[in-house]
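Below is one structure, written out as structure tokens; comments come after it.
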Amino acid sequence: MIKVLEGVRVIEQGTFITGPNAGMLLADLGAEVIKIEQPENGDPFRAFNGGLYSPHFQTYNRNKRSATLNTKAPEDLAVFDQLIQEADVYIQNFRPGAAERLGAGQERLRALNPRLIYCAISGFGQDGPAAKRPAYDTVAQAASGFLNLLINPANPRVVGPALADAITGFYAAYGILGALYERNQTGLGRLVEVSMLESMCHFNLDAFTHYFSEGEVMNAYSRPSVSQSYVVRCSDNKWIALHMSSPEKFWQGLANAIDKPNLFQDARFSDRAARIAHQEDMLKLLGDCFACRTRDEWCIRLADEDVPYSPMYDSSEALKDPQACHLQLEISAAHPDGGVWSTVRSPVTFDHVRPLSVTAPPKLGEYNHELRTKFKR
């Protein structure tokens, strides 16, 4: 693993997903990340079946150290301040005003260390009429217009992973990296502010651009219709995804694979515009065809015709695909309680060297002794 951020020290005082994900992304690039948690219970995401090492916590906290500090206590605040004085980056995702009450407001910390890059992550921004409202993933998805693109009108319910949380963490790391680059020239840190609402509105840029330029309000089927995307069930009750896009060669390949080389003589499917207008008819035709063979059989046929496809894997299957195995996506490390801990590696490779080394998420307070010994007065 090439640690492009080696030598960068990050103090993360984050909980749940947005702050921890930003810290983990920097840790994956080689930064030293010290996670400051509350004594006894730590990050609320740790809680799971009476334990402190939940799958939720594991997802966003690898490659870090954990220290417990109560910054409302003078002795712990002194240790925290010494950490800040040596740090390059500080990350928090508290509601506006909470950091100040914990002695971790940006004015105070940047006075201690003018080179510090202070990242504040919020739900709706640091000020404004909604700033103090509680915000979680679904709330941010809905407020940004993104959730409207995911809800199936025939079965309206929230689906999928916590995209807004994770994406906001990505944008926070992106802002931090820009500030680190600038600091190399100026020697001074920055205040980096990111909110879930702003992040998801930017991530939803395509929908807003369609509205701005054409007055079109996109819905759950707008993009799949234009991109000609399909999911179809095979005879073994496994699924395949197709993304046919616009090149005619892909459609001819699909027609050959389903033994309908004359498909385009049907006026409903004769060109791209017709296929978009009659997508429901195409879905019915494909559904009938794919129901006649197993997924493995279809994979062979589609690959032979160079059709853009993939089996619609679940999490028990995806990493066993030959290409995923070739890319060494699954990596492991020693579990803090013994045995093996597994995860998916960072997707970023530098100079052909894959990032295959990782440390498991820390147990609560495992860095306490070393930290307090280092800063012992």
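The values are calculated or read from the model by the stated rules, or taken from the named source; none is laboratory data. Every value quoted in this text rests on a predicted model; they were computed, and no experiment measured them. Here the Cβ is made from the backbone with ideal geometry for all residues, glycine too, and neighbour counts use every protein chain on show. When the accessible area is computed, the model is the full protein with side chains, heavy atoms only, and any ligands, DNA or RNA have been set aside. Shrake-Rupley method; radii C 1.70, N 1.55, O 1.52, S 1.80 Å.
Figures for the structure shown
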| read-out | value |
| --- | --- |
| Helical contribution to [θ] at 222 nm, DSSP H n ≥ 4, -39,500 (n - 2.57), averaged over the chain, rounded to 500 | -11000 deg cm²/dmol |
| Spin-label zone in the stretch 250-264 - amide nitrogen under 12 Å from a point set 7 Å from the Cα of Cys292 along the C-beta vector | 257-261 |
| In nm, spacing of pseudo-spin labels at Lys374 and Asp206 (7 Å Cα→C-beta vector) | 4.4 nm |
| Net charge contributed by nearby residues that have their C-beta within less than 14 Å of Asp206 (K/R +1, D/E -1) | -1 |
| Calculated FRET efficiency for the pair Phe170/Asp236, C-beta based, R₀ 45 Å, to 0.05 | 0.80 |
| Solvent-accessible area of Asp271 with every protein chain in place, 1.4 Å probe, in Å² to the nearest 10 | 70 Å² |
| Under 14 Å, Cβ to Cβ, from Gly103 - net charge with Lys/Arg +1 and Asp/Glu -1 | -1 |
| Span from the the stretch 279-297 Cα centroid across to the the stretch 157-225 one, whole angstrom | 36 Å |
| Calculated FRET efficiency for the pair Ala130/Ser225, C-beta based, R₀ 41 Å, to 0.05 | 0.80 |
| Pairs beyond 19 Å (Cα-Cα), from Lys3/Lys64; Lys249/Lys320; Lys260/Lys284; Lys3/Lys320; Lys3/Lys374; Lys238/Lys284 | Lys249/Lys320; Lys3/Lys320; Lys3/Lys374 |
| Calculated FRET value between Val159 and Glu75, using beta carbons and R₀ = 56 Å, to 0.05 | 0.75 |
| Lys132 accessible area, 1.4 Å probe, all protein chains in place, Å² to nearest 10 | 130 Å² |
| Heavy atoms of Asp304: accessible area, 1.4 Å probe, square angstrom to 10 | 120 Å² |
| Protein accessible area in the stretch 1-86, 1.4 Å probe - carbon and sulfur % | 50 percent |
| Solvent-accessible surface ranking, highest first, for Glu12, Glu297, Glu198 at 1.4 angstrom | Glu198, Glu297, Glu12 |
| Segment Ala98-Lys3, extension gain: residue separation times 0.36 nm, minus the distance between their alpha carbons | 30.9 nm |
| Candidates per GluC sites (Glu not before Pro) in the stretch 20-126, loop by DSSP, up to 11 other Cβ within 10 Å | Glu40 |
| Sparse-neighbourhood loop sites, trypsin sites (Lys or Arg not before Pro) in the stretch 63-127 - DSSP loop, at most 12 other Cβ within 10 angstrom | Lys72 |
| Dipole magnitude of the stretch 231-275 about its Cα centre (Cβ charges: Lys, Arg +1; Asp, Glu -1), debye to nearest 20 | 120 debye |
| Accessible area (Å², per residue) of the chain, counting only protein heavy atoms and a probe of 1.4 Å | 52 Å² |
